[in-house]
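Everything below concerns the one structure shown next.
The values are calculated or read from the model by the stated rules, or taken from the named source; none is laboratory data. Because the structure is predicted, anything quoted here is derived from the model rather than measured. Here the Cβ is made from the backbone with ideal geometry for all residues, glycine too, and neighbour counts use every protein chain on show. All accessible areas refer to the heavy atoms of the entire protein, side chains included, with ligands and DNA or RNA removed. Shrake-Rupley method; radii C 1.70, N 1.55, O 1.52, S 1.80 Å.
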Amino acid sequence: MTTLVVADVAGQSWDARDYAKNGRFVADLAESLVEWLAPQAGERILDLGCGDGALTEKLSASGARVVGIDASVELVAAARERGVDARLADAQALTFANEFDAVFSNAALHWMKRDPDGVLLSVARALKPGGRFVAEMGAAGNIAAIRGAIHDAMARRGYDAAQADPWFFPTLADYRRRLQAAGFDVVAIESFPRPTLLPGDISGWLRTFAQAFLAIVPEGERAALIAEVQGSLHERLANTVGQWTADYVRLRFVAVKKAR
Ligand SMILES: C[S@@+](CC[C@H](N)C(=O)[O-])C[C@H]1O[C@@H](n2cnc3c(N)ncnc32)[C@H](O)[C@@H]1O
């Protein structure tokens with residue numbers, strides 16, 4: 001597997017400094033997901049889409065032996081700087097087999113749009129029989145207002161936002177069916193709105209998480225596009241003192257690989 005192939009996954013581009021500044025809440029809000037995982041000392045755990053390793057580091061604090069994989073060269077480098085065993089890989093084509101007690105994933109599965117079932121088969125293969133898969137991702141309706149405003153602003157400028165859109169936000173029923181088809185027993189699954197206060201205004205969020213759209217717009221036009229999206233969302237997502245809340249909807253589950 002070459003860096004080039006991996007870096008090209010879903011046309012994503014992640015900036016480690018922007019992620020630390022505008023996206024730290026993603027890992028901070030996953031404390032209770034770590035409780036669902038309940039990592040144990042000595043277990044071997046895979047963190048799928050580990051990003052800059054902030055959460056991976058927390059999993060390691062349990063005494064588990066944790067490996068992170070991610071498709072972003074920049075975020076893998078940031079994770080390694082924390083001392084995380086982070087490896088560059090595409091979750092849609094992993095080569096691990098029957099070796100992890102658990103696979104954990106926070107806020108990453110919905111970025112794996114090209115082959116979500118391939119991801120689940122990769123995870124199932126990586127787990128030991130009876131191993132658990134504990135994850136949170138965006139659910140149907142996630143950031144519907146933000147996504148709609150991006151699509152509308154891009155359409156007004158003549159760009160094909162649907163083509164650039166990097167996200168896969170499944171319904172609970174759809175994802176449960178996919179998990180079962182990949183060989184998992186679904187122990188728990190829930191979907192819930194989680195309005196999320198952002199650390200700044202929506203422009204920082206857009207620069208960090210909406211790169212796939214911005215990438216198809218000429219550089220000189222990006223600031224105007226961001227301002228337009230910000231303007232159209234202001235009434236819905238910003239309060240009177242300028243704090244922004246993103247309209248997140250999450251899907252969480254615990255699934256166990258069937259012992260064959
Ligand atoms: C929003 S970040 C979440 C990072 C981390 N789990 C956290 O909680 O902060 C999404 C991550 O998924 C990674 N990702 C997206 N598609 C991927 C793929 N196909 N294979 C591996 N990682 C992928 C991105 O590179 C990014 O680091």
When the range 163-189 is examined, which residues are found to be open to solvent by 80 Å² or more (accessible area, probe 1.4 Å) and either within 19 Å of Lys258 (Cα to Cα) or not in a helix (DSSP H, G or I) (or both)?
Arg176, Arg177, Gln180, Ala181, Val187
Out of all the residues in the range 86-101, which are closer than 18 Å to Glu57 by Cα and within 17 Å of the chain's Cα centre (by Cα)?
Ala86, Arg87, Leu88
Filter the range 198-227 for residues that are touching a helix residue (DSSP H, G or I) at 6+ places or on another chain (Cβ under 8 Å) and open to solvent by 50 Å² or more (accessible area, probe 1.4 Å); which is nearest to Gly158 (Cα to Cα)?
Ile216
Taking Leu214 as the residue in question, decide whether it is touching a residue at least 24 places away in the same chain (Cβ under 8 Å), under 18 Å from Gln163 (Cα atoms) and more than 17 Å from the chain's Cα centre (by Cα).
no
Would you confirm whether any residue within the range 91-109 is in contact with a Leu (Cβ under 6 Å, 6 or more places away or on another chain), surrounded by 16 or more Cβ atoms within 10 Å (Cβ to Cβ), among the acidic types (Asp, Glu) and not in a helix (DSSP H, G or I)?
no
Among the residues of the range 134-148, what is the count of those that are in contact (Cβ under 8 Å) with a residue 60 or more places away in the chain and either of a type in the set (Lys, Arg) or in a strand (DSSP E or B) (or both)?
5
Using beta carbons and a limit of 7 Å, which pairs, at least six apart or on different chains, have the first residue in the range 47-63 and free of Cβ contacts under 8 Å to residues at least 60 places away in the same chain and more than 10 Å from the ligand (Cβ to nearest atom) and the second one part of a loop (DSSP other than H, G, I, E, B) and of a type in the set (Gly, Ala, Ser)?
Ser62/Ala41; Gly63/Ala41; Gly63/Gly42
Taking the range 19-42 and keeping residues hydrophobic (A, V, I, L, M, F, W, C), within 14 Å of Phe133 (Cα to Cα) and open to solvent by 50 Å² or more (accessible area, probe 1.4 Å) leaves Trp36
Six or more apart or on different chains, Cβ under 6 Å: which pairs go from a residue in the range 104-128 that's over 24 Å from Ser32 (Cα atoms) and within 9 Å of the ligand (Cβ to nearest atom) to one that's among the β-branched types (Val, Ile, Thr) and open to solvent by 10 Å² or more (accessible area, probe 1.4 Å)? Could you list them?
none
Please determine whether any residue of the range 67-74 is over 14 Å from the mean Cα position of the chain (by Cα) and not in a strand (DSSP E or B).
yes
